[in-house]
Structure formats: structure tokens, C-alpha cells
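Student: Below you will find the structure I want to go over with you.
The values are calculated or read from the model by the stated rules, or taken from the named source; none is laboratory data. Values in this document were obtained by computation on a predicted structure and should not be read as measured data. Neighbour counts run over all protein chains shown; Cβ positions are idealised from the backbone, glycine included. We work out accessible area using only protein heavy atoms, side chains counted, and drop any ligands, DNA or RNA first. Shrake-Rupley method; radii C 1.70, N 1.55, O 1.52, S 1.80 Å.
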Amino acid sequence: MMTREEFMDLVQRGEPIVGGTEAQVLLTQFANEALRITAELNGAYHEPEEVRALFSRLTGKDIDDSCFMFPPFYTDFGKNITLGKSVFLNTGCTFQDRGGITIGDGTQIGQNVVLSTLNHGFSPQERHTTFPFPIVIGKNVWISSNATVVPGVTIGDNAVIAAGAVVTKDVPPNAVVAGVPAKIIKMIQ
């Protein structure tokens, strides 16, 4: 049987996971662990220090004291999220993070933002295989409420993502994007 360490190595390499394999069994174990921790996080009021401690347990990484979050928060994995300093997460965010989510210092993420790092295979033979692609968010980015960022997208420093945007392509630094799919509407001087 594959160990948790071997599984995390597979995740860090960005390998696909095929349904019915040992890796998929371990993925289910990690998902159940994430569900337990997010249920605790979302099930009652917690002081900010407690929220950071629970988020730290969820990610397996230290969360800087300058970070702030308003639960509820949802994830199906949790162990592949990296937050910089002074990151703010508003209520209702959903991070599908197995592909890796990195958020730079000073970034603010609005209510109900979805960051999704996985795709399923398109052909019926690959439909139960998930393919991970990381999301990288730079420093001082503002992602407005109800925006969605799809697998493999990089958002440059100081960018602004408008409310409800669906970001399907990389966003350059200092760009403001809006729409479905998101397009550059202006540059910040």
C-alpha cells in the first residue's frame, strides 16, 4: 500500500490520480481529514488565533499571524495551500487545491471565490482520472466576490479580478480583468 508520504510526493509532482487506484484511496482519506477540520472550522465561532490554528492543521503549514479569514471555508484536500503574509480570505471560499494553490503576500480574496486546480479527463476512458494544474496568485492581488479561477492560471502582482469573473488564462501584473471568460479591461498605472 502507498504511504501518505509517497502520496504527497505524487501530489507535489503534479501526477494525475486514476479512480480505483491506491492513490485514489489515499486521496479519499485526505479528503475525509479535510472535511473533519473544515467542519470544526465552520461549525462554531472561533477567535482569529483559533481560525489560523485550524487552517494551519488543515494545510499542514504555519499560517502567519497577519493572515485573517472569515469562515466558512471549503476544501476537498487542504494540504496543498500556501499562504503568504497578510492574506485575507472572506466567507464562503472554496479551494480545490490538490494541484497546488499559492497566494502571495497582501492578497485579498472576496466572498464565495472558487479556486479550482483539477480537471477530469475528457474522454469517457479518462473521466475518472483527475489532472492537477497549480494556481499561483501574486502579491497584493484582489479577487472580488464570486470569481472563479480555473486550473493552471497564474495571476500577476497587483492584479484585480472583477466580481463574477471566470479566469481561464494568465493575468499579467497590474491588470484588471472582468467577464466570462475574463478579459483585460484596463491596466493599473
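Student: Filtering the stretch 21-51 down to residues that are open to solvent by 40 Å² or more (accessible area, probe 1.4 Å), aliphatic (A, V, I, L, M) and more than 20 Å from the chain's Cα centre (by Cα), which residue is nearest to Asp76 (Cα to Cα)?
Tutor: Here the answer is Val25.
Student: Provide a single number: the residues in the stretch 139-163 that are more than 30 Å from Pro16 (Cβ to Cβ) and over 16 Å from the mean Cα position of the chain (by Cα).
Tutor: Applying the first criterion (more than 30 Å from Pro16 (Cβ to Cβ)) to the stretch 139-163 yields 139-140, 142, 144-145, 157-158, 160, 162-163.
From what's left, over 16 Å from the mean Cα position of the chain (by Cα): 140, 157-158, 160, 162-163.
So the answer is 6.
Student: If Gly78 satisfies every condition in (1) within 18 Å of His128 (Cβ to Cβ); (2) open to solvent by less than 20 Å² (accessible area, probe 1.4 Å); (3) assigned to a loop (DSSP other than H, G, I, E, B) but one, which is the exception?
Tutor: So the condition that Gly78 fails would be (1).
Student: Pick from the stretch 1-20 the residues that are open to solvent by less than 80 Å² (accessible area, probe 1.4 Å) and of a type in the set (A, V, I, L, M, F, W, C): which of them is farthest from Ile101 (Cα to Cα)?
Tutor: Met2
Student: Which condition from (1) over 9 Å from the mean Cα position of the chain (by Cα); (2) closer than 26 Å to Val176 by Cβ is the one that His128 breaks?
Tutor: Here His128 meets the rest and fails (2).
Student: Could you pull out every one of the strands (runs of 3 or more DSSP E) wholly within the stretch 116-189 that has 3 or more residues that are open to solvent by 70 Å² or more (accessible area, probe 1.4 Å) and either out of contact with any Pro (no Cβ under 9 Å at 6 or more places or on another chain) or among the aromatic types (Phe, Trp, Tyr) (or both)? Working first, answer last.
Tutor: Values: elements: 118-120, 129-132, 135-137, 175-178, 183-187.
In the stretch 116-189, the matching strands (runs of 3 or more DSSP E) lie at 183-187.
Student: Further question on the same structure: Do we find a residue being in contact (Cβ under 8 Å) with a residue 12 or more places away in the chain and under 21 Å from Ser66 (Cα atoms) anywhere in the stretch 122-134? Outline the logic, then answer.
Tutor: Initially, the stretch 122-134 is screened for residues in contact (Cβ under 8 Å) with a residue 12 or more places away in the chain, giving 128-134.
Checking the rest, the ones that are also under 21 Å from Ser66 (Cα atoms) come to none.
No, the conditions are met nowhere in the stretch 122-134.
Student: Something else now. Counting only residues that are touching a Phe, Trp or Tyr at 6+ places or on another chain (Cβ under 8 Å), open to solvent by less than 50 Å² (accessible area, probe 1.4 Å) and not hydroxyl-bearing (Ser, Thr, Tyr), which one in the stretch 54-75 is nearest to Phe131 (Cα to Cα)? Spell out how you get there, then give the answer.
Tutor: Filtering the stretch 54-75 down to residues touching a Phe, Trp or Tyr at 6+ places or on another chain (Cβ under 8 Å) leaves 55, 63, 67-69, 73-75.
Adding the requirement that they be open to solvent by less than 50 Å² (accessible area, probe 1.4 Å) leaves 55, 63, 67, 69, 73, 75.
Filter again for not hydroxyl-bearing (Ser, Thr, Tyr), leaving 55, 63, 67, 69, 73.
Details: Phe55: 25, Ile63: 27, Cys67: 30, Met69: 29, Phe73: 23 Å.
For the stretch 54-75, the residue satisfying everything is Phe73.
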